[in-house]
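K.L.:
Before we start, here is the structure in question, set down as structure tokens.
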């Protein structure tokens, strides 16, 4: 029986077999859920209004993804890289309330970006994102545990082989000891007979 969890096939039979990543539609959905954000979500993340996000987008458009600056009439979709740009903007505005756009843009042009928290998807309570994070964490745990099982099975097999080899060697030594004792007794018996 095979079950696919987020691009990872899990086969339930005598032994658990996990094949690492096989891209699926779920992966596309997962990436969309985990790595893209609407204007409203971005505004919530940064605690600002949609108008502020549109203004930041207008000023920083050369540093944003094409989906953040689409043609008129198309919904803006922001990526995690876009969030890094906005994090830098928010940090600079918070540190220096009088900082102007020329300074912010020069900083962005130098490649400076803010650190986007890994759990940013949870900041606005999106249940699908929370579930996707849990599924992802569980898939990683399954893969890690599978790797541990394989490693431990291999070590156990090697240990069994070493034990069998040691038992075989022990039997040989016991046989040699028995032969040596017999030969010693035979020699002693011959000496005592003389």
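The values are calculated or read from the model by the stated rules, or taken from the named source; none is laboratory data. Worth saying up front: this structure is predicted, and the values here are computed from it rather than measured. Quick reminder, even Gly has a Cβ in these numbers, built from the backbone with ideal geometry, and neighbours come from all protein chains shown.
K.L.:
Can you say whether residue 75 is surrounded by fewer than 16 Cβ atoms within 10 Å (Cβ to Cβ), under 21 Å from residue 45 (Cα atoms), touching a residue at least 12 places away in the same chain (Cβ under 8 Å) and in contact with a helix residue (DSSP H, G or I) (Cβ under 9 Å, 6 or more places away or on another chain), as far as the supplied structure shows? Break it down into steps so the answer makes sense when it comes.
P.N.:
Working: surrounded by fewer than 16 Cβ atoms within 10 Å (Cβ to Cβ): yes; under 21 Å from residue 45 (Cα atoms): yes; touching a residue at least 12 places away in the same chain (Cβ under 8 Å): yes; in contact with a helix residue (DSSP H, G or I) (Cβ under 9 Å, 6 or more places away or on another chain): yes.
In short, yes.
K.L.:
Still on this structure: Could you list all residues from region 108-117 that are within 14 Å of residue 61 (Cα to Cα) and either surrounded by 15 or more Cβ atoms within 10 Å (Cβ to Cβ) or in contact with a strand residue (DSSP E or B) (Cβ under 8 Å, 6 or more places away or on another chain) (or both)?
P.N.:
Result: 108, single match.
Table: residues versus (1) surrounded by 10 or more Cβ atoms within 10 Å (Cβ to Cβ); (2) at pLDDT 90 or above; (3) assigned to a helix (DSSP H, G or I).
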residue	(1), (2), (3)
129	yes, no, yes
150	yes, yes, yes
154	yes, yes, yes
165	yes, yes, yes
174	yes, yes, yes
178	yes, yes, yes
191	no, no, yes
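K.L.:
Can you confirm whether residue 105 is in contact with a strand residue (DSSP E or B) (Cβ under 8 Å, 6 or more places away or on another chain), assigned to a helix (DSSP H, G or I) and at pLDDT 90 or above?
P.N.:
Here the answer is no, as residue 105 does not meet what is asked.
K.L.:
Hey, any hits in region 43-54 for a residue that's exposed (fewer than 15 other Cβ atoms within 10 Å of the Cβ), modelled with pLDDT of 90 or more and under 30 Å from residue 134 (Cα atoms)?
P.N.:
yes
Rundown of residues vs (1) in contact with a strand residue (DSSP E or B) (Cβ under 8 Å, 6 or more places away or on another chain); (2) modelled with pLDDT of 90 or more, yes/no style:
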residue: 64; (1), (2): yes, yes
residue: 73; (1), (2): no, no
residue: 79; (1), (2): yes, no
residue: 100; (1), (2): no, no
